[in-house]
Amino acid sequence: MAPPMSAGSFLSRLQAEGITVVEVGDWEQHNRNHKGPWGPVHGVMIHHTVTSGSARTVELCRDGYSGLPGPLCQGVITKDGRVHIVGYGRANHAGLGDDDVLRAVIAEGALPPDNEANTDGNRHFYGFECENLGDGEDPWPEAQLDAIERAAAAVCRHHGWTERSVIGHLEWQPGKIDPRGFTMAALRARVRDRLAGDATAPAQPRVPLGRVSDNGWCEQLRHP
């Protein structure tokens, strides 16, 4: 059973991993905790936003929209590699997903196919929204990929998790395709390598993450 780290620890962990962090408004108190518990936490979930423009993306992820109040994640990772903390606590990002997937994440084993939506993911996952149109064509700059790797590793390092605790939304909820444009297997390999080294180590030259070649539809933000 892993309680979420404190807001202060979250900020410190991201910074210690070499991330440029932008604190947005009253992020430490901005959450959806009145709708249900946050925790125990078991993993990190990665999303794409289906948006363009960093300022608009951050604002949307902080405030939400009609029918889906923000925050829509804890951190927004923009194309320039900065992590904008928009809230801390329960957030509307994961929605209902597969309980078999959750058990596999807890055990840090191979993920089964996600074929059910019966478990509250907002309670159990940290969420990072990543600025990208999600059409398979919008590029993922290396600065952004490096920040995604570092952000996921920062959370895993705090909790003593391996890269197996990092999943994509597409691995959690049936019908979802995000993040699109790289593979989660490739991202987990990068997180694994980072966790094996020093958090303060500079970025190393990287080959691009594996591209996804399917022609899946683009989702809309997000899930209560």
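Over the stretch 36-149, the pair-distance histogram of Cα-Cα distances with 10 Å bins from zero comes to 15, 42, 34, 9 percent, rounded to whole numbers. The packing ranking, built from the mean of other Cβ atoms within 10 Å per residue, places the peptides 79-92, 181-194 in the order 79-92, 181-194, highest first.
Normalised by residue count, the chain yields a Cα convex hull volume of 110 Å³ per residue. Of all DSSP beta bridges located in the chain, what percent are antiparallel, nearest 5? The answer is about 30 percent antiparallel.
Taking every alpha-carbon pair under 8 Å whose residues sit at least 6 apart, the stretch 83-123 reaches a relative contact order of 49 percent. Surface exposure of the chain, expressed per residue as accessible area with a 1.4 Å probe, stands at 40 Å². Among beta bridges from DSSP that stay inside the stretch 1-130, the antiparallel ones total about 35%.
Helix by helix through the chain, keep the DSSP H runs that span 24 Å or more along the axis on Cα and average at least -1.0 on Kyte-Doolittle, and give those back in order. Write out the running numbers ahead of the final one.
Values: long enough: 142-159 (26 Å, -0.20).
Span-like helices in the chain: 142-159.
Accessible surface comparison of 34, 47, probe 1.4 Å, protein chains only, largest first: the order is 34, 47. Ellipsoid semi-axes for the stretch 92-175, based on the Cα gyration tensor and the rule √(5λ), read 22, 17, 11 Å when sorted largest first. Both radii are taken from the alpha-carbon atoms of the stretch 39-79; with Rh as the Kirkwood radius, Rg/Rh is 1.00. Helical runs assigned H by DSSP (4 residues or longer) give the chain a calculated mean residue ellipticity at 222 nm of -8500 deg cm²/dmol, each run adding -39500 (n - 2.57) before division by the residue total. Of the residues 166, 110, 40, the one whose Cα sits farthest toward the positive end of the charge dipole of the chain, with +1 on the Cβ of Lys and Arg and -1 on the Cβ of Asp and Glu, is 40. Packing order of peptides 6-13, 106-113, 58-65, highest average first: 58-65, 6-13, 106-113 (average count of other Cβ atoms within 10 Å over each peptide's residues). Label-to-label distance, residue 135 versus residue 183, with points set 7 angstrom from Cα along the beta-carbon direction: 2.5 nm.
Taking the average, over residues, of other Cβ atoms within 10 Å as the packing measure, peptides 131-143, 165-177 rank 165-177, 131-143 from highest down. Largest GNM mean-square fluctuation among 196, 153, 104, using the chain with Cα springs under 10 Å: 196.
Report, to the nearest whole %, how much of the accessible area of the chain belongs to carbon and sulfur atoms, 1.4 Å probe, protein only. The value for the chain is 52 percent carbon and sulfur by accessible area. In this calculation the C-beta distance from residue 2 to residue 26 is compared with R0 = 25 Å, giving a FRET efficiency of 0.50.
The values are calculated or read from the model by the stated rules, or taken from the named source; none is laboratory data. This is a predicted model, so every value here is computed, not measured. Positions of Cβ are backbone-derived with ideal geometry, glycine not excepted, and every protein chain shown enters the neighbour counts. The area values use the complete protein model at the heavy-atom level, side chains included, leaving out ligands, DNA and RNA. Shrake-Rupley method; radii C 1.70, N 1.55, O 1.52, S 1.80 Å.
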